[in-house]
1. Among the residues of region 178-199, is any under 30 Å from Ala133 (Cα atoms) and either in contact with a His (Cβ under 7 Å, 6 or more places away or on another chain) or in contact (Cβ under 8 Å) with a residue 24 or more places away in the chain (or both)?
2. For region 117-124, check the following and say yes or no: at least one residue is surrounded by fewer than 17 Cβ atoms within 10 Å (Cβ to Cβ), touching a Gly at 6+ places or on another chain (Cβ under 9 Å) and β-branched (Val, Ile, Thr).
3. Restricting attention to region 180-230, and to residues there that are of a type in the set (Gly, Ala, Ser), outside any helix (DSSP H, G or I) and at negative phi, which single residue is surrounded by the fewest Cβ atoms within 10 Å (Cβ to Cβ)?
4. Please work out which residue is modelled with the lowest pLDDT, limiting yourself to region 84-117 and to residues that are of a type in the set (Gly, Ala, Ser) and out of contact with any Leu (no Cβ under 9 Å at 6 or more places or on another chain).
5. What are the pairs with Cβ atoms under 7 angstrom where one residue, in region 215-239, is more than 13 Å from Gln153 (Cβ to Cβ) and the other, located anywhere, is of a type outside the set (A, V, I, L, M, F, W, C) and part of a strand (DSSP E or B)? Sequence gap at least six, or different chains.
6. Give just the number: which of (1) within 28 Å of Pro43 (Cα to Cα); (2) free of Cβ contacts under 8 Å to residues at least 60 places away in the same chain; (3) among the aliphatic types (A, V, I, L, M) does Ala133 not satisfy?
7. Under the condition of being out of contact with any strand residue (DSSP E or B) (no Cβ under 6 Å at 6 or more places or on another chain) and part of a helix (DSSP H, G or I), which residue from region 54-69 is surrounded by the most Cβ atoms within 10 Å (Cβ to Cβ)?
8. Quick one: which helices (runs of 4 or more DSSP H) sit completely within region 70-170 and have at least 2 residues that are within 15 Å of Phe228 (Cβ to Cβ)?
Amino acid sequence: MGQLNAPNGTLEKQLNMSQPINFDNHSPISADEYDRTVQLALPGYEVMHTMVVACLQAYLPESADLLAVGSGTGTEIIRLGNACPQWHFLGLDPSEKMQAIAKEKISHHQLSQRVKLIQGYTQDLPTDILYNAATCILVMHFIPPSGKLQFLQNIAQRLHPSAPFVLVDVFGEKTSHQLKQLMPILQAYWDEMGLSRQKQQEFLVRFDQGTYTVPETSILNLLEQAGFEKTMRFYTGLWVGGWLAFKK
C-alpha cells in the first residue's frame, strides 16, 4: 500500500508543516463533522472511551467532581456521566461551536444538571477549586512544544493530591521513521472504514498543518515535570496513545 498523494507535495513535507489552529474557523475537522469523522479516523476510538471510563471508575469514589479539558462535543462527559450517575463535570473548551454541540448532546442525555460548560482555557479557572480527576482527550497535540508543560501544570494545579488524570493524544515525531511507517497502515484502515481518499488527504494535510506531536518519552517527561506520577499507558491506536497518571 503506497503513501497518500498530497496536493502540496510529499507526505514527508506534510509531516513537517506546523501552524496554529483556529478551532472554530480552521480546525482539522469542522465541529459539525467532528463526531463522525473522528470515529472513522482514529483506530479504536470507541474502545478508548470505554477504557477511559474503566480507568476512572477504578480509582474514583461513587461521587466525584471531574474536569474535562478540551471537552469538545462532549463525548467523554456523556460516556462518563451515563456510567457514573453521581459524578459531576466541568467541561472546558475554547470552541464556541463545539460547546454548542456538546450542550445539545448533554441535554439530550439528560445530564445538564450534572454538567457545567465553560468556553475558555484551564489557566482561566480559579486555583482554589480542586477536582477529583481530569481528562484531556485529543487536545495536547494542538499545543506547540513550548506550551505543553505549562498546559499540563495548569491541569495539575486544579487537582486534589492523588487525583487520576487521563491524557489521550497523538504521539510520535513527525519526521520519525516509525511514524512514517504507520501512514500506509492508517490509509488501509481508513479505506476499510469507508473514508474516501479525498477526505483522507484533507484530514491528513489539515491535521499536520496545525499539530505538534512529540514522542512518548517526551510526554512521560512532561507529565512528571508537571506534577504527575505512576504513569501507565492504557490504550494504543496506532498513532494515538492513552495514559493514566496521578497527581503527586
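The values are calculated or read from the model by the stated rules, or taken from the named source; none is laboratory data. Source: prediction; values computed, not measured. Using ideal geometry, Cβ is built from the backbone for each residue, glycine included, and neighbour counts are taken over all protein chains shown.
1. Kept after step one, since they are under 30 Å from Ala133 (Cα atoms), are these residues of region 178-199: none.
No, region 178-199 has no match at all.
2. First, the residues of region 117-124 that are surrounded by fewer than 17 Cβ atoms within 10 Å (Cβ to Cβ): 118-121, 123-124.
Now narrow it down to the ones that are touching a Gly at 6+ places or on another chain (Cβ under 9 Å): 118.
Then drop every residue that is not β-branched (Val, Ile, Thr), which leaves 118.
Looking for residues that are surrounded by fewer than 17 Cβ atoms within 10 Å (Cβ to Cβ), touching a Gly at 6+ places or on another chain (Cβ under 9 Å) and β-branched (Val, Ile, Thr), one finds at least one in region 117-124, hence yes.
3. Going through region 180-230, the residues of a type in the set (Gly, Ala, Ser) turn out to be 188, 194, 196, 210, 218, 226-227.
So of that shortlist, the ones also outside any helix (DSSP H, G or I) come out as 194, 196, 210, 227.
This time we only want the ones that are at negative phi, so: 196, 210.
Working: Ser196: 10, Gly210: 18.
Restricting to residues being of a type in the set (Gly, Ala, Ser), outside any helix (DSSP H, G or I) and at negative phi, the top hit is Ser196.
4. Residues of region 84-117 that are of a type in the set (Gly, Ala, Ser), as a first pass: 91, 95, 100, 102, 107, 112.
Those left that are additionally out of contact with any Leu (no Cβ under 9 Å at 6 or more places or on another chain): 95, 100, 107, 112.
On the way: Ser95: 90, Ala100: 93, Ser107: 96, Ser112: 97.
The selected residue is Ser95.
5. That search, which allows pairs on different chains as well, returns Glu216/Gly241; Ile219/Asp169; Leu220/Thr231; Arg233/Gly241; Arg233/Gly242; Phe234/Gly242; Tyr235/Gly241; Tyr235/Gly242.
6. (2)
7. In the first step, residues of region 54-69 are kept if they are out of contact with any strand residue (DSSP E or B) (no Cβ under 6 Å at 6 or more places or on another chain); the result is 54, 57-58, 61-63.
After this cut, where a residue has to be part of a helix (DSSP H, G or I) as well, the list is 54, 57-58.
On the way: Ala54: 12, Gln57: 14, Ala58: 9.
In this case the residue turns out to be Gln57.
8. Working: elements: 75-83, 96-108, 145-156.
It comes to 145-156.
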